[in-house]
Amino acid sequence: MTKKKTKSVEANKIKPSGKQTSIEVMTPKHKSWNEFTKLLDGPKGCDFKQDKAGKITWKCDNEYTHTERILKEYYPNVNISATLSYFGEHGGYCDCEVLMNVDDEENFDTELFVSCPECKKPYSKQESDAGYKVCEHCQAEHPEKYKRGGGIRGE
């Protein structure tokens, strides 16, 4: 008697019909939520920015364009349809609203983040404690002002 070969979990993620079969849903409790929201907030997503006058701008077409692309590219185990349903049920009806409305404030540990003096967005307190004065995004945006890959370290 020969044992039947079973397909790997990887092979079972997409049915021949093209439908996703994974059951993971991206929520604020998901282990990759912080990473996901950084991608959606950054240049690959809504690209939230604040100008010198304090005006905040971002890219959003009132759809899930960036959300879907990021989920497909970075999180193949996440069921996109179920995730978008969850977002809609929690006030996230488009890319920018996922960031503004879905995140559970209890999930955001303010003791782990400090505000970047350049863009006012939160970044890792661990980086701040190591002497980095701005977030990675600002380091990349202002290479003439901050050392590439490390930012300016505190004196």
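Here, each number is a calculation from the coordinates, and none is a lab measurement. Since the model is a prediction, treat every value here as computed from it, not as a measurement.
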message: Please compute the contact order of the range 21-108 in relative form: average sequence separation of alpha-carbon pairs under 8 Å and at least six residues apart, divided by the residue count, as a percent.
response: 35 percent
- prompt: Taking amide H positions as placed 1.01 Å from N in the peptide plane, with prolines and chain starts having none, which residues 5 or more places from Glu24, or on another chain, fall under 5 Å of its amide H?
  reply: Asn79
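Which shape class applies to the range 21-108: rounded if a/c is under 1.5, otherwise prolate when a/b exceeds b/c and oblate if not, where a ≥ b ≥ c are the square roots of the Cα gyration tensor eigenvalues? Can you show the working numbers first?
Working: a/c = 1.83, a/b = 1.64, b/c = 1.11.
Because a/c hits 1.5 or more and a/b exceeds b/c, the range 21-108 counts as prolate.
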